[in-house]
Every structure is written in structure tokens, then in C-alpha cells.
1. Evaluate the relative contact order of the chain (contact order divided by residue number), counting alpha-carbon pairs under 8 angstrom at least 6 apart; express in whole percent.
2. All other residues with a Cβ under 15 Å from the Cβ of I133 taken together, and with Lys, Arg as +1 and Asp, Glu as -1, what is their net charge?
3. Which shape class, rounded, prolate or oblate, goes with segment 64-114 when its Cα gyration tensor gives a ≥ b ≥ c as root eigenvalues, a/c under 1.5 marks rounded, and past that a/b bigger than b/c marks prolate?
4. When the chain is modelled as a GNM with alpha-carbon springs shorter than 10 Å, which of L103, L52, L117 fluctuates the most?
5. Give the range of the longest stretch in the chain that excludes all trypsin sites (Lys or Arg not before Pro) found in loop regions by DSSP and having at most 11 other beta-carbon atoms within 10 Å.
6. So which residue, out of T56, T25, T34, gets the largest mean-square fluctuation from a GNM of the chain using Cα contacts under 10 Å as springs?
7. Round to the nearest 10 and give me the degree value, 0 to 90, for the angle of helix 9-35's Cα axis relative to the longest principal axis of the chain.
8. Quick one: work out Rg over Rh on the C-alpha atoms of segment 47-88, Rh as Kirkwood radius.
Amino acid sequence: MTRPLPSSPLRLTAGRWLGIYSTITALLLILGPTLLGHYPTPLIALLLTALLVPLTHYVVFPLVERLSGGWVRFPSLHGAAHHRVALLVWAVTYPLITAVLLLVLPVLAGRVPIPVLTLVVTLIAVPIQSLVILPRLMPRAMPWILAQRRPA
């Protein structure tokens, strides 16, 4: 049985936003009081994206796909290619989230509840990542993503 094609870019963005917003909100509700204001923003972004990307890539996005009844279908790769995509997504997400947090935290941290903070951050970062960066990066990265290991 062949898998249907991935959803349109706008549906993928909506599915990614739903998964990322809920995951980062939960992470910040748990870790935020310990991290925010106590550590430099790039270190906070490093820790959060190191947790966020694997959680969303391997757990949350498949759940969003199932719960949406197929309305959102994420691109499907297996094995090493799936892991390389996760690494590539993290390499895009970390600097993007760092930049957005550096802009947003001085204005909103301590002034709005964490769910509002994550709403603002994800409404900025997810469309940029999903509609601008990844569509330009993925075609160039496909040879590396799909590369097979050569036998020794």
C-alpha cells in the first residue's frame, strides 16, 4: 500500500504549528520557571529545541496526523533519512527560535503567561520555518537525506 502524498504547505504549517505550540507550551510550563531569566537565551533555546524537535518529529507529529484523520499528512521517510530530516529541522529551528526569543523575551517575559509567550513565538517561527526556510532547504538537502551508507 502506498502512502498518500503529503498535505499542502498550509495544512502542513497548521499541523506543525499545532504540534509545536502544544509541545513547547508544555515544556515551558515545566521548565520555564527554572530557565527563563536564569540562563542566557541561546542556552535556553538550545535546551528547548533539543527536546522539542525529537518530541515533535517522532511523537507529536504522528499523533497530530492520526488525530486529524488524514487532514494533515506529514512527509514520510524511514530509517536514516527520517533521522537526517530531524537533524536538519533542528539545525533550522535552533537559530530561528534563538532569534525570535531574543526579540520577544525582553518585551513579553514576565508580563504575559507562558501560553501567550509561546503563542507569539510559534506564530512567528513556525510559518517562517514551514513556508520559507524548509521548502528552500529540503530540495538542496535531499541527496544527503537519502544517501545510503556504503558497505565497508
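1. Dividing the mean separation by the residue count of the chain yields 36 percent.
2. +3
3. Details: a/c = 4.45, a/b = 1.67, b/c = 2.66.
Oblate.
4. Among L103, L52, L117, the largest GNM mean-square fluctuation belongs to L103.
5. The answer is 1-110.
6. Judging by the Gaussian network model, the answer is T34.
7. Its long axis makes an angle of about 40 degrees.
8. Ratio of gyration radius to Kirkwood radius: 1.00.
Coordinate-derived values only; no laboratory data. Source: prediction; values computed, not measured. Please note: Cβ atoms are built from the backbone with ideal geometry, for glycine as well, and neighbour counts cover all protein chains shown.
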